[in-house]
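Here is the structure we will look at, set down as structure tokens.
The values are calculated or read from the model by the stated rules, or taken from the named source; none is laboratory data. Just so it is clear, the model here is predicted, and its values are computed rather than measured. Glycine gets a Cβ as well: all are built from the backbone with ideal geometry, and neighbour counts include every protein chain shown. Surface accessibility is based on the protein's heavy atoms, side chains included, excluding ligands, DNA and RNA. Shrake-Rupley method; radii C 1.70, N 1.55, O 1.52, S 1.80 Å.
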Amino acid sequence: MEIVVCVKPVPDAETRLRAAADGKTLDAEGVKFVLAGYDESAVEQALLLKESIPGSKVHAIAYGPAPRTEEVLRAAIALGCDQATWVDAAGDSSGDPVTAARALAGVLAGVPRDLVLLGKQAGDDESGIVPAALGQLLGVPDFSCVVDLRWDPAGTRFRFQRPVETGVESWAVPTPLVIGLQQAWNDPRTAKLPAILKSRKAPIGRTTPASASAHSLPEKFELPPPRTGARLIEYKTPQEAAEKLVRVLREEAKVFP
Amino acid sequence: MTGPTVVVGEVADGHLTGPTLEAIGVARALGRPTVGFVAGAHARSAGPEFARYGVLEVYVADDARLDSAPGGARVGPLREVLASTGASVVLAGGTTNGRELVGRIAIAWDAAAATGVTELAAVEDGVRVRRPIFGGRATESRRLTGERQAIALRPHAFPSPAESPGTPHLHEVSPGALPAPLAAAERTGVAPTVRGAGPGLTDASIVVSGGRGLRGPENFHLVEELAAALGAAVGASRAVTDAGWRPTSFQVGQTGRAVSPQLYVAVGISGAIQHIVGMISSRVIVAINSDASAPIFKVADYGVVGDLFQIVPALTAEVRRVRGL
Ligand SMILES: Cc1cc2nc3c(=O)[nH]c(=O)nc-3n(C[C@H](O)[C@H](O)[C@H](O)COP(=O)(O)OP(=O)(O)OC[C@H]3O[C@@H](n4cnc5c(N)ncnc54)[C@H](O)[C@@H]3O)c2cc1C
């Protein structure tokens, strides 16, 4: 099984978000970029599938600028991916997921791939556009919000579930396909120190996509007013707490009649 | 020349869903002609529904195969509608399928795309959108340029439109043959979401979630009764789903569902970051927890520090009383 996992470097969860000087995007100065969230689950799932399907390989591909993109690819290698390709986003500062999908598809078109795995959405912009755009670009079916992704060797197809608003769908789909993952079989593993050290010397392929002009451009990056913490309801009896809470919810927050 | 706005309708139990109604409201506010598009087995029944909200031109791909085929099968008929109406904007509701369709149509129709949109305005060369990012920790505004835009809204960010009844004109769209790669994919089943009598987790305007503070599955009814009184959906922390007290479909958070209701009530949930990212963009957050230092109180708007086994039944009784239940 040739598995390709696409990942995006995103700011570490601890990052104190700030707007850049032009007010349009996140200030990336001093920010630590990592493999995180749904992408981390996608890598975990790719490795689990590789371990359970003999003769499988995992190729990690990431679109983004230097040096953060190479760093997350090294993290993917340290976790157990066999090969990595950096699609250099130099010159594209749009943060447009459609542009990213086109750049990734350019590389995907030329590599062996039975399964393309991604997180269902990136941990920063949370667009969820790339998996569906890749399906369309590659001419293969795509599914997002996928859980319990399993290979059925007898039926030579993937079986998985998709909990969506209308119910939990079950699917059986032959390769090639694109999966936007919601959850891996288990929590993501952490890399071992020797593997991390070794990954520093691992070769990383680099390609530059044909330049494309993005149709989605950032104009403003804003932080919400800081949450000041909960207003605590003061009470002597549970009944009093309930009455006061219901009153503020109706009269002040107006969340129900 | 700006063309009409096409609203992609989703139907459940014979009615347009809440997210579709929100999209109709947004489309009408854009001030351009609005047309509806629906695909699937009972697509025609959506015609009068669209017309009730003032959308009279409705394109239907009435074909049951579209319900059980991968979402990509809707791209062909939708593209036909976009071409024949000369549309400028496609609007979808804030659902998984709506979001996916936007990603595909961005390619198939060569459009600028955005999802999770909470504000939207026509500007000189396109559309400006605003959307929460980083789990609601920041907001970005983007300009979608060019002649075509595909946009999925964030659920509950917009009100449902007022009714404005009229008589629909239905236009049939032929779905054509499924592309072979899509035809090979088989939907083997659909289990209705375990939702009790209440609304689904991600469409609900109120969500009540329970955590480990409930101590065991035998106490989860406390959360369910409060939810029933509020007309809310029931959610859970991962501590609850991991322990098997409730199925994983209840889980809110990074590895579960992201919800953004008008009101989110966290009962006996500590407020781990992986839970917070799934509910932080709720409009109003209430926390009930016996530990005044629990992190959930940092993100909540209102808090009750106390024993949930006393507070929750009292709250349920009070909600029932004011709602006359
Ligand atoms: C990779 C990864 C992904 C994860 N994804 C998710 C996710 O999607 N969703 C998620 O929820 N978690 C997720 N987690 C787990 C998360 O870190 C927490 O462990 C989990 O959210 C804790 O659930 P809890 O708040 O119910 O339990 P606890 O943290 O144990 O909190 C229980 C709370 O109940 C309170 N309490 C106890 N008794 C009472 C009482 N009688 N009355 C009132 N309050 C009481 C306590 O004060 C405490 O604050 C993830 C973790 C990892 C590592």
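Matching residues to (1) touching a residue at least 40 places away in the same chain (Cβ under 8 Å); (2) within 16 Å of the ligand (Cβ to nearest atom):
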{"site": "A:Arg162", "(1), (2)": "no, no"}
{"site": "A:Glu169", "(1), (2)": "no, no"}
{"site": "A:Pro174", "(1), (2)": "no, no"}
{"site": "A:Gln182", "(1), (2)": "yes, yes"}
{"site": "A:Trp185", "(1), (2)": "yes, yes"}
{"site": "A:Ser216", "(1), (2)": "yes, no"}
{"site": "A:Leu223", "(1), (2)": "yes, no"}
{"site": "A:Arg247", "(1), (2)": "no, no"}
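A:Gln182 is checked against (1) under 25 Å from A:Gly123 (Cβ atoms); (2) open to solvent by 10 Å² or more (accessible area, probe 1.4 Å); (3) at pLDDT below 95 and fails just one. What number does that condition carry? Only one criterion in (1) under 25 Å from A:Gly123 (Cβ atoms); (2) open to solvent by 10 Å² or more (accessible area, probe 1.4 Å); (3) at pLDDT below 95 is unmet by A:Gln182, namely (2).
Filter the helices (runs of 4 or more DSSP H) completely within the range B:168-257 down to those with at least 3 residues that are more than 16 Å from the ligand (Cβ to nearest atom).
Values: elements: B:180-183, B:221-230, B:238-242.
In the range B:168-257, the matching helices (runs of 4 or more DSSP H) lie at B:180-183, B:221-230.
Across the range A:131-159, the number of residues qualifying as part of a strand (DSSP E or B) and surrounded by fewer than 23 Cβ atoms within 10 Å (Cβ to Cβ) comes to 7.
Picking from residues in the range A:40-62 that are more than 21 Å from A:Gly205 (Cα to Cα) and within 16 Å of the ligand (Cβ to nearest atom), the one that is surrounded by the fewest Cβ atoms within 10 Å (Cβ to Cβ) is A:Leu48. Restricting attention to the range B:276-290 and to residues that are more than 9 Å from the ligand (Cβ to nearest atom) and open to solvent by 20 Å² or more (accessible area, probe 1.4 Å), the residue that is modelled with the lowest pLDDT turns out to be B:Ser281. For the range B:287-323, a residue qualifies if it is more than 7 Å from every other protein chain (Cβ to nearest Cβ) and within 19 Å of B:Ser205 (Cβ to Cβ), and the qualifying residues are B:Thr316, B:Arg320, B:Arg323.
Quickly run through the range B:258-275 and pick out the residues that are on the phi > 0 side of the Ramachandran plot and near the ligand (Cβ under 6 Å from one of its atoms).
Initially, the range B:258-275 is screened for residues on the phi > 0 side of the Ramachandran plot, giving B:268, B:271.
Result: B:Gly268, single match.
Here A:Ala84 fulfils each of the conditions (1) under 18 Å from the mean Cα position of the chain (by Cα); (2) over 17 Å from A:Leu177 (Cα atoms); (3) within 14 Å of chain B (Cβ to nearest Cβ) apart from (3). Inside the range B:55-72, residues that are at pLDDT 95 or above and more than 14 Å from chain A (Cβ to nearest Cβ) make up a count of 7. Taken over the range A:221-248, the residue count meeting the criterion of being in contact with a Phe, Trp or Tyr (Cβ under 8 Å, 6 or more places away or on another chain) and either open to solvent by 90 Å² or more (accessible area, probe 1.4 Å) or facing chain B (nearest Cβ under 7 Å) (or both) is 8. Part of a strand (DSSP E or B) and either surrounded by fewer than 21 Cβ atoms within 10 Å (Cβ to Cβ) or modelled with pLDDT under 95 (or both): which single residue out of A:Pro163, A:Pro218, A:Pro257 fits that description? That would be A:Pro163, the only listed residue that is part of a strand (DSSP E or B) and either surrounded by fewer than 21 Cβ atoms within 10 Å (Cβ to Cβ) or modelled with pLDDT under 95 (or both).
Residues of the range A:15-38 that are within 30 Å of A:His59 (Cβ to Cβ) and out of contact with any Lys or Arg (no Cβ under 6 Å at 6 or more places or on another chain): A:Thr15, A:Thr25, A:Leu26, A:Ala28, A:Val31, A:Lys32, A:Val34, A:Leu35, A:Ala36, A:Gly37.
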